[in-house]
Amino acid sequence: MTTRRLYYDDAFEREFTARVMSCEVLPPNVNSGITGTVWGLILDRTAFYPTSGGQPNDLGKIADANVLDVRDEGDEIIHIVDRRPESPDVNGCINWPRRFDHMQQHTGQHLLSAMFQERFGLPTVSFHLGAEICTIDLRGPEPSEEFLEGAERASNRIIFEDRPVNVRYGTADRLSQLGVRKEVDREGILRAIEIESADLQPCGGTHVKSTGQIGLVLVRRWSKVRQDWRVEFVCGGRSERVARRDFLRLRETAEKLSSAFEETVSAATRALAERDANFKDYRAMLERLAKAEAALTLQTAPSGPDGLRIVSHMFEDVPSEFLGFFATEIAKSERTVALLGLAEGGHLLFAQHPAFGKDMSALLKTIFEKFGGKGGGARDFARGRVNDPSQATNALAHAKELLSAG
Ligand SMILES: [Zn+2]
């Protein structure tokens, strides 16, 4: 039998009475995500909206049962409930804040899609009403910032005019004559939603009574999804929450930047420029310090009997760039090699004066064959990291042994 859909005639009906037509335990696999025994309840009439057309289902109560899901199964609407009603006559009550939010988003979508279509020639090819944000996918060229703002502003102008939102019925031909936005190829009497002098669109969903109830449309980000442009937006109560949240974030940012609220962008730009300049200074100072330490080390580094010098040092608490500066300075000295390690991260760096005459890259490779690690380089300069940083000291000692052995 056919369930009478009360929301078709009055989307503001939130409580109703109905008669139970059937109520059966559903097999567990039918309800992914719902645990425990559930029943599929069919009533002769219902105000519960089932998931369809991009709008999620209602929640609420039927008698003592919680409604967990509502499904559209052809002529019938199935309420998934967590217990069987005791009486054949039941009261139903839908979760109104949830439904009203859905109606605000959904009606707002009709309006916004109409503005994109009418003003910028961008048809909507799909709609998603999410828990936080809503999206529409537009087909055509990338909408410019001007288009997005233009569609938002045009929608809000119609909201401020508080135009009636009417339900119209007619055949496909009749709706076509009336200028329906999306042609439907279906027999019989169709239901369409009209936003007066703005839009006519076939739809079986629930909508607010007048555009004023949409509250406000806020267009947010957009991105490319396959061939279309996905535009995020929020309406009504969500607009209020999003605007409040954005404001708090911006205020917090301003506080952190110690700037006036209106000057966060210039304050952030300044802070980033300062950071870059400081980083340049820091690198320059690090290089000077590494060179000075290398020069001191060289003064006391003994030469071997063959006139070759090995400077080997395990560093702690220096940034890894320090090793590069230090090694470069050491390797400027005739017939000298630097074998360096850094305890944190297990860095190894080998650098030689060309006259030292060994192959640093080959040496590093030999070390990694024994201790495990990744890296590479050239004949005079090679660097990498051992897999286990606690092995860096041993690896460095081994490299020194290999070199000393000739
Ligand atoms: Zn609709």
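The values are calculated or read from the model by the stated rules, or taken from the named source; none is laboratory data. Here the structure is a predicted model, which means the values were calculated and not measured. Here the Cβ positions follow ideal geometry from the backbone for every residue, glycine too, while neighbour counts run over all protein chains shown. Surface areas here come from the heavy atoms of the whole protein model, side chains and all, with no ligands, DNA or RNA. Shrake-Rupley method; radii C 1.70, N 1.55, O 1.52, S 1.80 Å.
Below 27 Å Cα-Cα, how many Lys pairs turn up in the chain? Only count pairs eight or more apart in sequence, or on different chains, if you could.
Taking the Cα cut-off of 27 Å, the pair count is 21.
With θ set to phi - 60°, apply the Karplus curve 6.51 cos²θ - 1.76 cosθ + 1.60 along the stretch 48-53 and write out the HN-Hα couplings as whole Hz, x wherever there is a Gly or Pro.
My calculation for the stretch 48-53 gives 6, 8, x, 4, 5, x Hz in order.
Using amide H atoms built in the peptide plane, which far-off residues or other-chain residues are under 5 Å from Met21 H to H?
So Met21 has HN proximity to Ile42, Leu43, Asp44.
With the alpha-carbon atoms as the only input, what is the per residue convex hull volume for the stretch 329-406 in Å³? Before the final figure, lay out the partial values.
Details: hull volume 5.7 nm³, N = 78.
Convex hull of Cα atoms, per residue: 73 Å³.
May I ask for the distance between the Cα centers of the stretch 242-282 and the stretch 104-163, given as a whole number of Å?
Spelled out, the Cα-based centre of one part sits 32 Å from the other.
Scan around Arg220 for amide H atoms under 5 Å from its own, H built in the peptide plane at 1.01 Å from N, and keep only partners 5 or more places away or cross-chain.
Glu232, Phe233, Val234
With every protein chain present, what is the per residue accessible area of the stretch 223-308 (1.4 Å probe, Å²)?
Values: 6210 Å² over 86 residues.
With the other protein chains kept in place, the stretch 223-308 gives 72 Å² per residue.
Counting only protein heavy atoms and a 1.4 Å probe, tell me what percentage of the stretch 1-63's accessible area is made up of carbon and sulfur.
Numbers: 1610 of 3140 Å².
Roughly 51 percent, rounded to a whole number.
What residues qualify as long-range amide H neighbours of Asp69, i.e. H under 5 Å apart, gap of 5 or more or another chain, H built at 1.01 Å from N?
HN-HN under 5 Å from Asp69: Ile80.
For the stretch 251-406, just the Cα set please: Rg and Dmax, both in angstrom.
For the stretch 251-406, the Cα-based Rg and Dmax read 20.2, 71 Å.
Given a Förster radius of 22 Å and the C-beta distance between Arg288 and Ser320 as r, what FRET efficiency does 1/(1 + (r/R0)^6) yield to the nearest 0.05? Write down the numbers at each step before the final one.
Details: r = 17 Å, r/R0 = 0.79.
Result of the calculation: an efficiency of 0.80.
With r defined as the distance between the Cβ atoms of Arg249 and Phe279 and R0 fixed at 35 Å, what FRET efficiency is calculated, to the nearest 0.05?
Working: r = 26 Å, r/R0 = 0.76.
It comes to 0.85.
Would you calculate a helix-derived [θ] at 222 nm for the chain, using -39,500 (n - 2.57) for each DSSP H run of n ≥ 4 and dividing by the full residue count, to the nearest 500?
Details: 9 runs with 145 residues, N = 406.
Mean residue ellipticity at 222 nm (helix-derived): -12000 deg cm²/dmol.
In degrees from 0 to 90, rounded to the nearest 10, what is the angle of the helix 320-330 Cα long axis to the longest principal axis of the chain?
Helix 320-330 sits at roughly 20 degrees to that axis.
At a probe radius of 1.4 Å, what is the per-residue accessible area of Glu316, in Å² to the nearest 10?
Rounded to the nearest 10, the figure is 120 Å².
Report, for the stretch 1-110, the % of DSSP beta bridges that are antiparallel, rounded to 5.
If we restrict to bridges inside the stretch 1-110, about 95 percent are antiparallel.
Convert each backbone phi in the stretch 377-394 into a coupling constant with the Karplus relation 6.51 cos²θ - 1.76 cosθ + 1.60 (shift: θ = phi - 60°), then list the ³J(HN,Hα) values in order as whole Hz, x for Gly and Pro.
Using θ = phi - 60°, the values come out as x, 10, 4, 9, 8, 9, 8, x, 9, 7, 4, 10, x, 5, 8, 4, 5, 4 Hz.
Among DSSP beta bridges lying fully in the stretch 295-406, give the percent that are antiparallel, nearest 5.
On the way: 16 of 23 bridges.
In the stretch 295-406, approximately 70 percent of DSSP beta bridges are antiparallel ones.
So what's the angle, to the nearest 10 degrees on a 0 to 90 scale, between helix 96-120 and the longest Cα principal axis of the chain?
Approximately 80 degrees, to the nearest ten.
Report the Stokes-Einstein translational diffusion coefficient (µm² s⁻¹, integer) for the chain, Rh taken as the Kirkwood radius over Cα pairs, at 4 °C with viscosity 1.567 mPa s. Walk me through the numbers on the way to the answer.
On the way: Rh = 27.8 Å.
Roughly 47 µm²/s, to the nearest whole number.
Once phi is turned into ³J(HN,Hα) by the Karplus curve 6.51 cos²θ - 1.76 cosθ + 1.60 with θ = phi - 60°, what whole-Hz value does each residue of the stretch 264-277 show in order, with x for glycine and proline?
4, 5, 5, 5, 5, 4, 5, 4, 5, 5, 4, 4, 5, 5
Is the shape of the stretch 175-294 rounded, prolate or oblate, going by the alpha carbon gyration tensor and its root eigenvalues a ≥ b ≥ c, with a/c under 1.5 for rounded and a/b larger than b/c for prolate? Mind dumping the intermediate values first?
Details: a/c = 5.53, a/b = 2.75, b/c = 2.01.
Here the stretch 175-294 falls in the prolate category.
For the stretch 242-319, rounded, prolate or oblate, judged on the Cα gyration tensor with a ≥ b ≥ c (square roots of eigenvalues), a/c < 1.5 rounded, else prolate if a/b > b/c? Show your work: numbers first, answer last.
Details: a/c = 6.74, a/b = 3.99, b/c = 1.69.
Note, shape of the stretch 242-319 comes out prolate.
Let a ≥ b ≥ c be the square roots of the eigenvalues of the Cα gyration tensor of the stretch 59-103; is it rounded (a/c under 1.5), or, if not, prolate (a/b larger than b/c) or oblate?
oblate
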